[in-house]
C-alpha cells in the first residue's frame, strides 16, 4: 500500500513537471487610448493545446505598443507611444508569476516610438514620428538612461506617408556587429556599426541602402543561418530578399504579399520565420487583413504556399510560439488575438478556434 502511495505521488510530480514544461509566458502590449486596457498583459500559454490563462497585468501604463525581454528574462522594456510625450519604460519581471514592476520611465527622445531591442548593455528605440534612433544605457539598478541619438531627415514620393523620415524598426545583425534600421519615410535601410563598449559612439553610421521608391520599408527578419534578410514594405506589400554579409545587403529576389487581383488598400505589417526555418509568414492590414505563407528554399528564395484571412481587422503584429505549433495574430481593431494551428509539413495555417479577447492588442512576445 505504501509503495502504491509513493508511486502515485511520483506520477503526480512527473505530470506536474511535464505540464509546466508545456507552458510558456506570452506577453501582450496594447494601445490604452482606444478602449479599456491596463497596458501589458502576461498569459500562461500551453504549447500543446494553445490554452491561455491570464497571470498578471500592469496598471496605468500608457500605450505599451512594443515590448522586448532582456536576455536573462529578468526585465521587460516597453515603448509608451504618446506623441511628443512618448517614453520608454523598464520593468522588473518575474517569470514565475508574470508580474511586472516599473523601475523607471524616461523620454524616448523622439515622438511615437514603435520598436525597441535590447542586449546586455543597451536598449535601442526607433521612433516613427520623430525619425530617430535613441540609445539608452542599462544602469545597475535596472533603470534606463539616455546615451545617444541619431535624427534622420528624408522623404520620398508618397506625400501623405513619406513627407519625412519615419523610423519603423531597429535590429541587431546575428553577429551583433551591426544594427539595421528601416526608414519608411525615406525608402531606405540604415546600417550602423555597433560599438557597445563606447560612450558616445554606440552607433556609428556605416551605409545607407536604398529600397524601391514609394514602397515604405517596415519590418524585416534574418534567416536562421543569418545569410538572408527578408524585408516587408508597408505601402505596396513588396517582400524583398537580400543576401547578407558583414553589414552589406545584395538583393536576391522580390515578391509580394498582395494578391494579383487585389484592388483594395495595402498596409503590410509584420514578418517572421518559423522556428524550424522552413517557412516565412507576413501580414497585410488595410482592406486585405490577411496573412501569407512562403516556403523558404535552400537558395534563400521564397515560394508562395498560402494566403488566408487573418480572421480580424488590423493584423499588426504576430508571433509564433517556441514549439512552432501555433501562430498568434494580434488584431488592433477587432480587439482579439486569433490563434492559428501550423501544419509543420506544409506551413499552412488553420483556425484553432482559440482566441484571446483583449483591448487593441498590438505586440506579442513569447518569453
> If the label point is 7 Å along Cα→Cβ of residue 366, which residues in the stretch 251-286 have backbone nitrogen under 12 Å from it?
Replying inline: 273-277
> Under a point spin-label approximation (7 Å from Cα along Cα-to-Cβ), what is the residue 49-residue 276 distance to one decimal in nm?
Replying inline: 2.4 nm
> Hey, what angle do you get for helix 2-21 against the long axis of the chain, alpha-carbon based, 0 to 90 degrees rounded to 10?
Replying inline: 10 degrees
>> Could you work out how much longer the chain between residue 263 and residue 323 gets when fully extended? Use 0.36 nm per residue separation minus the Cα distance between them, nm to one decimal.
In response: 18.0 nm
> At what distance in nm do the modelled label points of residue 208 and residue 245 sit from each other, each positioned 7 Å from its Cα along Cα→Cβ?
Replying inline: 2.5 nm
> What is the distance in Å between the Cα centres of the stretch 90-164 and the stretch 291-341?
Replying inline: 26 Å
> Where does each of 316, 161 land when they are ranked from fewest to most other beta-carbon atoms within 10 angstrom?
Replying inline: 161, 316
>> Under 19 Å from a point placed 7 Å out from the Cα of residue 193 along the Cα-to-Cβ direction: which residues of the stretch 220-255 have their backbone N that close?
In response: 245-249
> Assuming R0 = 41 Å, what is the FRET efficiency of residue 137 and residue 297, from their Cβ-Cβ distance, to the nearest 0.05?
Replying inline: 0.50
> How high is the relative contact order of the chain, in percent, with contacts defined as C-alpha pairs under 8 Å that are six or more residues apart?
Replying inline: 11 percent
>> Using a 7 Å offset from Cα along Cα-Cβ at residue 102, what residues in the stretch 68-86 end up with backbone N under 18 Å from the label point?
In response: 68, 75-86
>> Rounded to two decimals, what is the ratio between the C-alpha radius of gyration of the stretch 27-366 and 2.2 N^0.38 Å?
In response: 0.93
> What 222 nm value per residue comes from the helices of the chain, counting each DSSP H run with n ≥ 4 as -39,500 (n - 2.57) and dividing by all residues, nearest 500 deg cm²/dmol?
Replying inline: -2000 deg cm²/dmol
> Roughly what would the spin-label model give for residue 94 and residue 357, points 7 Å off Cα along C-beta, in nm?
Replying inline: 2.8 nm
> If each residue's Cβ is checked for other Cβ atoms within 10 Å, how do 157, 133 rank with the fewest at the top?
Replying inline: 157, 133
>> At a 10 Å Cβ-Cβ cut-off, how would you order 207, 256, fewest neighbours first?
In response: 207, 256
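Only the coordinates and a few stated rules stand behind these numbers; no lab work does. What you see is a predicted model; the values in this text were computed from it and never measured. With ideal geometry, Cβ positions are generated from the backbone for all residues, glycine too; neighbour counts draw on all protein chains shown.
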